[in-house]
Amino acid sequence: MKCRNCGYKFPSRDIQFCPECGNKVKETHTKKFPKKFMMLLLTIGILFVGGLITFYFIGNAKYDPIHKISSFEEAISNENLEELTKLLTPYEDSFTIDEESTANLVDFFRKNPGSLQTIVNELKNKAAALEGGNTLSSDLYATITIEKSEKKWFLFHDYKLVVIPAFIEVYTTDNSVDLIIDGKTVDTTTEEGVHEKKYGPYMPGTHFLKAMFDNSYTTTENEQEVTLFQMENNISRHELQVNVGTFRIVSTFEEEATLFVNDQETDIIINKGNQVVGPFPLSEDIEIHLEKEMPWETVVSQKETISEDVSEIRMKKVSIISDQEEEKIIDIINDVFTTYTEALNARDASILMDNITDNMVKDLQEQIEYVEENLPDYEGTLRKAQYRLDWYQDPEYDKEVGAYVFDIDVMFTYYEPNGKLGRLFEGENEHEYERGVNVVLLFDEQANEWKVDQYENKHFFVFEDDPVYELD
C-alpha cells in the first residue's frame, strides 16, 4: 500500500497518516457483490450451456441423413407433394421439380413398393458411408441418391436427396405426327425420312409416350408406357410408328373437286389427272370420295377404300346430273312443251311463262304468226315424249351465255287433226305425228332453276329402252 501524496510505501495497512509527508491515509473497502446477483449469473451460465447442448442435439438430429430419408419415406407414404418437392433436389439444376412431377413419382412408388424399398435401402447405405467419411459411387440414372452439402451453423453436415433424371429418345419414320409425353406435346415431326431425337430430362417413374396423327378428319395413334428407373445409361430409346403415308389419286371426275375422308370434308382439292395426297393413316381402312359443287346440286363420286396395300386410287367420272335432277329436267321439258302447245292453240304467248328464256317466247310468237297465216284451224295436243337419256352430254359453262348449257333429244308425239306442223314419223293412231326435237337448256343461277332456251327439229331414232312419258 502506498501514499497517494508522496508515494511512500507503508509497512502495514493500519497507518492513518503517512510518516514521510504526514498526509492522511484514506481507508479503502473491497466491494462485495450480492449473493442474489451471483446466483443469477450462475443460472444464466447454466442455461446457456444447456441451450448449446440442446441446440447441438436438435441440430444433429435435424440434419441427420437418416432423418431426411425417413422424411422422404413419410412424404411418399402420405402423398405429401409439397413436402416431397422441398426434399428433392434436381441433379445440377438440370430440370424443375414441382408437384406435378412428384405426383408421378409418388404414383410410381405406390404401384411399385419394391422400387421404393430399393431406393430407401441404397440411400441408407450411402448415408452411412458418408457419415463414415466414405462414398459409394453409383453410375445409375433415373434414380435418387444422397449427397453431403455445406455445413449448417458451422457445426452440422447437411444432406440432400438428389434426383438423377433420364431422357426419352424417340425414333419414327412418320411425318406430320405429334409426339406427346405425359399428355404434353413435345414435338411434331415435319421432315421426310427418319425422326430421331431425345426429350427430357424426366423424373424416375412411369411415363406415357404417344405418337398421334390428327388432321381433323381422321386420327390414329400409338402409345407406349416408358419406365425410367435405375438405368445404366441416361437415355431410354423407343420406336413409334403410326403407319401414315401418301397415296396417288388418278381422277377423271371433275376439276377442282373436294376430297372427303370418311365422309368428312377436307381442304384438299383434286383435279383431273394424277395427284399425290396425304399423309393419311394406313393402319386402318379409310373411305374416300370426291364432291363437286355445281349450281344445281352437289355431284358425288363413287366411294373408294384406302388400305395399307393400296397405293393408287382411280376416281372415275360420273354424270354431273343425278337421276333425281334428270327427272326434274324431264318434268320441266314436258311442262314447257305441253304449255307451249296450249299457248299455240289459244294463240296467246303469255300463257307460256315458267322455266323458259326470252328465246322460247320469241319462238312461240313466231309460231303463232305462222299458224294464224297458214293453219288458221290448227289445234294440237302433246300426247307423248320419249327421251334419249343415254346420248346427252354433261352441261358445260358457256361464257357468252353466262350459264351452264346442255341439250337433250326428245321424240314428241302430237295429235294434230286440223293440219300438222311437221313430222318425222307417222304415229300409231290417225293424226298422230312424231317429231324429233333437240332441246337446249340452261341453268339460271339467279333464279336457281333450269330453263328451256331453244329447240330445233332433228332427225334421230329412239329405241325401246328410251323412257317414255305419257302426257295426255
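Structure notes:
- Residue 384 falls short on exactly one of the conditions (1) over 22 Å from residue 463 (Cα atoms); (2) modelled with pLDDT of 95 or more; (3) not small (Gly, Ala, Ser), and that condition is (1).
- Within the range 437-467, the set of residues being loosely packed, with under 13 Cβ neighbours inside 10 Å and within 58 Å of the chain's Cα centre (by Cα) comprises 445, 446, 447, 448, 463, 464, 465.
- Restricting attention to the range 65-95, the residues that are touching a residue at least 60 places away in the same chain (Cβ under 8 Å), farther than 21 Å from residue 166 by Cα and not hydrophobic (A, V, I, L, M, F, W, C) total 2.
- Meets criteria (surrounded by 15 or more Cβ atoms within 10 Å (Cβ to Cβ) and of a type in the set (Ser, Thr, Tyr)) for residue 118: no
Residues checked against (1) without any contact (Cβ under 8 Å) to a residue 24 or more places away in the chain; (2) of a type in the set (Ser, Thr, Tyr); (3) crowded, with 19+ Cβ neighbours inside 10 Å; (4) in the same structural domain as residue 260 (by TED's automatic domain parsing):
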| residue | (1), (2), (3), (4) |
| --- | --- |
| 329 | no, no, yes, no |
| 336 | no, no, yes, no |
| 343 | no, no, yes, no |
| 352 | yes, no, yes, no |
| 358 | yes, no, no, no |
| 362 | yes, no, no, no |
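- Those residues of the range 327-343 which are among the aliphatic types (A, V, I, L, M) and within 17 Å of residue 407 (Cβ to Cβ), in sequence order: 329, 330, 332, 333, 336
- Search result, residues across the range 239-261 that are over 11 Å from residue 277 (Cβ atoms), buried (at least 16 other Cβ atoms within 10 Å of the Cβ) and either hydrophobic (A, V, I, L, M, F, W, C) or in contact with a helix residue (DSSP H, G or I) (Cβ under 8 Å, 6 or more places away or on another chain) (or both): 240, 242, 244, 253, 257, 260
- Of everything in the range 422-458 that is among the aliphatic types (A, V, I, L, M) and in a strand (DSSP E or B), the residue that is farthest from residue 327 (Cα to Cα) is 437.
- Meets criteria (more than 21 Å from residue 449 (Cα to Cα) and either in contact (Cβ under 8 Å) with a residue 12 or more places away in the chain or buried (at least 16 other Cβ atoms within 10 Å of the Cβ) (or both)) for residue 368: yes
- Scanning the range 300-314 for residues that are free of Cβ contacts under 8 Å to residues at least 60 places away in the same chain and not β-branched (Val, Ile, Thr) yields 301, 302, 303, 304, 307, 309.
- Number of residues in the range 390-414 that are within 30 Å of residue 426 (Cα to Cα) and among the acidic types (Asp, Glu) equals 3.
- Filter result (surrounded by fewer than 18 Cβ atoms within 10 Å (Cβ to Cβ) and over 25 Å from residue 100 (Cβ atoms)) within the range 175-214: 176, 190, 191, 192, 193, 194, 196
- Matching strands (runs of 3 or more DSSP E) fully within the range 68-178 where at least 2 residues are among the polar types (S, T, N, Q): 143-152
- Within the range 183-222, tally of residues that are more than 22 Å from residue 281 (Cβ to Cβ) and either in the same structural domain as residue 264 (by TED's automatic domain parsing) or in a loop (DSSP other than H, G, I, E, B) (or both): 2
- Residue 235 meets the conditions (1) among the β-branched types (Val, Ile, Thr); (2) crowded, with 18+ Cβ neighbours inside 10 Å; (3) farther than 29 Å from residue 287 by Cα in every case but one. The failed one is (2).
- Single condition residue 226 does not satisfy, out of (1) within 27 Å of residue 84 (Cα to Cα); (2) surrounded by fewer than 16 Cβ atoms within 10 Å (Cβ to Cβ); (3) hydrophobic (A, V, I, L, M, F, W, C): (2)
- Residue list for the range 256-270, filter: in contact (Cβ under 8 Å) with a residue 12 or more places away in the chain and over 17 Å from the mean Cα position of the chain (by Cα): 256, 257, 258, 259, 260, 262, 263, 269, 270
- Whichever residue in the range 371-421 is within 60 Å of the chain's Cα centre (by Cα), in a loop (DSSP other than H, G, I, E, B) and of a type in the set (Lys, Arg) and, among such residues, is farthest from residue 451 (Cα to Cα): 388
- Hits in the range 96-112 - residues which are hydrophobic (A, V, I, L, M, F, W, C) and either over 15 Å from residue 161 (Cβ atoms) or without any contact (Cβ under 8 Å) to a residue 24 or more places away in the chain (or both): 103, 108
- Under the condition of being modelled with pLDDT under 90 and among the small types (Gly, Ala, Ser), the residues counted in the range 95-142 number 7.
- Condition met for residue 280 (outside any helix (DSSP H, G or I) and of a type in the set (Phe, Trp, Tyr)): yes
- Residue match in the range 62-84 (condition: closer than 17 Å to residue 229 by Cα, within 42 Å of the chain's Cα centre (by Cα), surrounded by 14 or more Cβ atoms within 10 Å (Cβ to Cβ) and polar (S, T, N, Q)): no
- Cβ pairs under 6 Å, 6+ apart, first in the range 440-456 and assigned by TED's automatic domain parsing to the domain that holds residue 403, second acidic (Asp, Glu) and in a strand (DSSP E or B): 440/407; 440/453; 442/453; 451/444
The values are calculated or read from the model by the stated rules, or taken from the named source; none is laboratory data. As the structure is a computational prediction, the values presented were derived from the model and not from experiment. In this analysis, Cβ positions are derived from the backbone assuming ideal geometry, glycine residues included, and neighbour counts consider all displayed protein chains.
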